[in-house]
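J.: Next up is a structure, given as structure tokens.
The values are calculated or read from the model by the stated rules, or taken from the named source; none is laboratory data. This structure is a prediction, so every number in the text was calculated from the model and none was measured. Cβ: placed from backbone, ideal geometry, glycine included. Neighbour counts: every protein chain shown. Accessible surface is based on the protein model in full, side chains and every heavy atom, while ligands, DNA and RNA are left aside. Shrake-Rupley method; radii C 1.70, N 1.55, O 1.52, S 1.80 Å.
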Amino acid sequence: MSDIPVIAVDGPSGTGKGTICSHLATWLGWHLLDSGALYRILAIAAEKYELELNNESAIVEIAGSLDVEFQQPQPGKDITVIFEGDDISQKIRTEECGNSASQIAVLPQVRTALLDRQRQFQQAPGLVADGRDMGTVVFSDAPLKIYLIASAEERAKRRYKQLKQKGFNVNLPRLAAEIAERDTRDSQRTISPLKPADDAIVVDTTTLDISEVIKKIENLVQETLPDAYST
Ligand code: DC
């Protein structure tokens, strides 16, 4: 157990986790873990090495020795991800990659293989951790756990806008169906399913814009971790 504080932010896709975590990390001057990126990188690796997404032993082997470098983002920008020398920052953001990542994420040994790597991000002065099981499993003793939710319709709309802005070709009904499929898989898997930790604060962002969510979460940080902002 470490006394370096962690803010765990979990929830399904399209709730604003990525934007909020990137903002919080910059605001506090803390490290950022985008745990979904790890599963997405494994999906790219599986494609590169022509592995089936259920080939647990081969994917575990890759997960154990993943040659990946994360570069801390500029405020408001996605993390830069270099995998085996290639910049895959853009490639990992497609919905197709998210879906493959979600299929890989059901494999228990893969999740175990990624635990240490995720925990290594817990460095001073603190860590903002974005994922599905940050508060329940990976950082279960985090002093602040936030679980973001929003209606399925609103989340699909947000993801659509976000992917369009990144220059991807997307279709709203298909995207909504893919998100629903991913939510079901992520929340029904037997290991580390998507769910709020018992001590998580649930924030419904359906009717809030991003600046309102950020304000709300900054308030939660100041109430729960009054020393954090002064670090
Ligand atoms: O947060 P994201 O959309 O980048 O995550 C992609 C997939 O990775 C998500 O559908 C499920 C999986 N994932 C996970 O199982 N556990 C995490 N902590 C983060 C992501």
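J.: Considering (1) touching a helix residue (DSSP H, G or I) at 6+ places or on another chain (Cβ under 9 Å); (2) buried (at least 19 other Cβ atoms within 10 Å of the Cβ), say which one TRP27 fails and leave the rest.
T.: (2)
J.: Only residues that are away from the ligand (no atom under 15 Å from the Cβ), touching a residue at least 12 places away in the same chain (Cβ under 8 Å), among the polar types (S, T, N, Q) and open to solvent by 50 Å² or more (accessible area, probe 1.4 Å): list them for the range 144-199, please.
T.: None - no residue of the range 144-199 is away from the ligand (no atom under 15 Å from the Cβ), touching a residue at least 12 places away in the same chain (Cβ under 8 Å), among the polar types (S, T, N, Q) and open to solvent by 50 Å² or more (accessible area, probe 1.4 Å), so the list stays empty.
J.: Then there is this: So which residues in the range 200-224 are open to solvent by less than 50 Å² (accessible area, probe 1.4 Å), farther than 24 Å from VAL137 by Cα and in a helix (DSSP H, G or I)?
T.: Of everything in the range 200-224, those that are open to solvent by less than 50 Å² (accessible area, probe 1.4 Å), farther than 24 Å from VAL137 by Cα and in a helix (DSSP H, G or I) turn out to be VAL213, ILE214.
J.: Can you say whether ALA37 is of a type outside the set (S, T, N, Q) and surrounded by 21 or more Cβ atoms within 10 Å (Cβ to Cβ), as far as the supplied structure shows?
T.: Yes; evaluated as a whole, the condition is true for this residue.
J.: Also, I was wondering about something else. Which one of the conditions (1) within 13 Å of the ligand (Cβ to nearest atom); (2) open to solvent by less than 50 Å² (accessible area, probe 1.4 Å) does GLN122 fail to meet, given that it meets all the rest?
T.: (1)
J.: For the range 101-114, indicate whether the set of residues that are closer than 22 Å to ALA200 by Cα and surrounded by fewer than 21 Cβ atoms within 10 Å (Cβ to Cβ) is non-empty.
T.: No, the conditions are met nowhere in the range 101-114.
J.: Sticking with this structure for a sec: Taking the conditions exactly as written (more than 9 Å from the ligand (Cβ to nearest atom), within 19 Å of ASP133 (Cα to Cα) and not aromatic (Phe, Trp, Tyr)), does ALA58 satisfy them or not?
T.: So ALA58 does not fit the description; no.
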